[in-house]
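Written out below as structure tokens is the structure these notes cover.
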Amino acid sequence: MSNYFNDLGQPIGFPTPNWQACQTPPTTPIPIQGNYCHLEALDAAKHAEDLFHAYRQDTDGTIWTYLPYGPFEDLETYKRLLETWSQSKDPLFHAIVDKETNKAIGIASYLRIEPEVGVIEVGHINYSPELQKTPAATEAMYLMMKRVFDELGYRRYEWKCDSLNAGSKSAAERLGFSYEGIFRQATMYKNRNRDTAWFSILDSEWSAMKKAFESWLEPSNFHPDGQQIKRLADF
């Protein structure tokens, strides 16, 4: 949108006179249902074993390279982490559960939640090999966006990642996030520097994106083996 100007001719941004604070995501959220997966509140007792074994399919540990934790050598250590995460309100963790097997095969969270100004981030995304490059992988991100914009009324949805994480940056762009730049030396983890790449989706962009996601996710857009017919970008 164009900037507005004050009486001195200074640009001051467009007004938001009717803005009201968003809802905070519920800490015991109703599961978000999709065709290929559903998202539910992370529960260490329920999900830790499924997730641990799903992640063990990544035999070289690459899924942990750009996360500040992991890999985990034993179930008990991983379960203790999930017990802490299960009590957290920000980040608010979700398990991604496969519809066919009813097993958790990935994690994602809402974090840096600012309902007063309508900004929220998606992060701690960790997909097991079983979830990667499947319809459920895309659907999980769509379902999280849908809750943020349609149910909770946020204005801005953020994605941030290590600037060296080519896979995460590619995923953000494929999902419709706009690249905004690099925050240099933004943080440190695993005894190394991290420059952070920022991406976002705005509420004004969501309506068209929602239609694209829904068209792509139609069962008719997939071959029996799960391969897509049209790319998400085609919609």
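The values are calculated or read from the model by the stated rules, or taken from the named source; none is laboratory data. Predicted, not measured: the structure shown is a model, and the values here were computed from it. Neighbour counts are summed over all protein chains in view; Cβ atoms, including those assigned to glycine, are modelled from backbone coordinates with ideal geometry. Note: accessible area is taken over every heavy atom of the protein model, side chains too, but ligands, DNA and RNA are not part of it. Shrake-Rupley method; radii C 1.70, N 1.55, O 1.52, S 1.80 Å.
Scanning segment 4-46 for residues that are farther than 26 Å from Y154 by Cβ and surrounded by 11 or more Cβ atoms within 10 Å (Cβ to Cβ) yields a count of 3. Looking only at residues of segment 149-170 that are open to solvent by less than 40 Å² (accessible area, probe 1.4 Å) and either in contact with a Cys (Cβ under 6 Å, 6 or more places away or on another chain) or free of Cβ contacts under 8 Å to residues at least 40 places away in the same chain (or both), we find that the one that is nearest to A233 (Cα to Cα) is S168.
For segment 97-122, the set of residues classified as in a loop (DSSP other than H, G, I, E, B) and either in contact with an Asp or Glu (Cβ under 6 Å, 6 or more places away or on another chain) or closer than 24 Å to R155 by Cβ (or both) consists of K103, P115, E116, V117, G118, listed by residue number. Give me the residue from segment 216-235 that is within 20 Å of the chain's Cα centre (by Cα) and open to solvent by 30 Å² or more (accessible area, probe 1.4 Å) and, out of that set, nearest to V119 (Cα to Cα). Ranking the qualifying residues of segment 216-235, first place goes to A233.
Taken over segment 78-96, the criterion of being touching a strand residue (DSSP E or B) at 6+ places or on another chain (Cβ under 9 Å), open to solvent by less than 20 Å² (accessible area, probe 1.4 Å) and either part of a loop (DSSP other than H, G, I, E, B) or of a type outside the set (A, V, I, L, M, F, W, C) (or both) is satisfied by H94 alone.
For segment 71-99, a residue qualifies if it is charged (D, E, K, R), under 21 Å from the mean Cα position of the chain (by Cα) and farther than 20 Å from P129 by Cβ, and the qualifying residues are E83, K89, D90. Only residues that are modelled with pLDDT of 90 or more, within 27 Å of S215 (Cα to Cα) and of a type in the set (A, V, I, L, M) were counted in segment 17-40, giving 2. Candidates E40, E49, E73: the one that is without any contact (Cβ under 8 Å) to a residue 60 or more places away in the chain and in a loop (DSSP other than H, G, I, E, B) is E73. Taken residue by residue, segment 4-16 has no member that is part of a loop (DSSP other than H, G, I, E, B), of a type in the set (S, T, N, Q) and within 20 Å of E83 (Cβ to Cβ). Answer yes if at least one residue in segment 114-135 is touching a strand residue (DSSP E or B) at 6+ places or on another chain (Cβ under 6 Å), over 24 Å from G61 (Cα atoms), open to solvent by less than 30 Å² (accessible area, probe 1.4 Å) and hydroxyl-bearing (S, T, Y), and no otherwise. Within segment 114-135 (the criterion being touching a strand residue (DSSP E or B) at 6+ places or on another chain (Cβ under 6 Å), over 24 Å from G61 (Cα atoms), open to solvent by less than 30 Å² (accessible area, probe 1.4 Å) and hydroxyl-bearing (S, T, Y)), the answer is no, since none of the residues qualifies. The set of residues in segment 177-213 being free of Cβ contacts under 8 Å to residues at least 40 places away in the same chain and open to solvent by less than 30 Å² (accessible area, probe 1.4 Å) consists of F177, G181, T196, A197, A212. Return the residues of segment 50-77 that are open to solvent by 80 Å² or more (accessible area, probe 1.4 Å) and modelled with pLDDT under 95; say none if nothing qualifies. The answer is T59, D60, E73. Residues in segment 54-64 that are touching a residue at least 12 places away in the same chain (Cβ under 8 Å) and assigned to a loop (DSSP other than H, G, I, E, B): Q57, D58.
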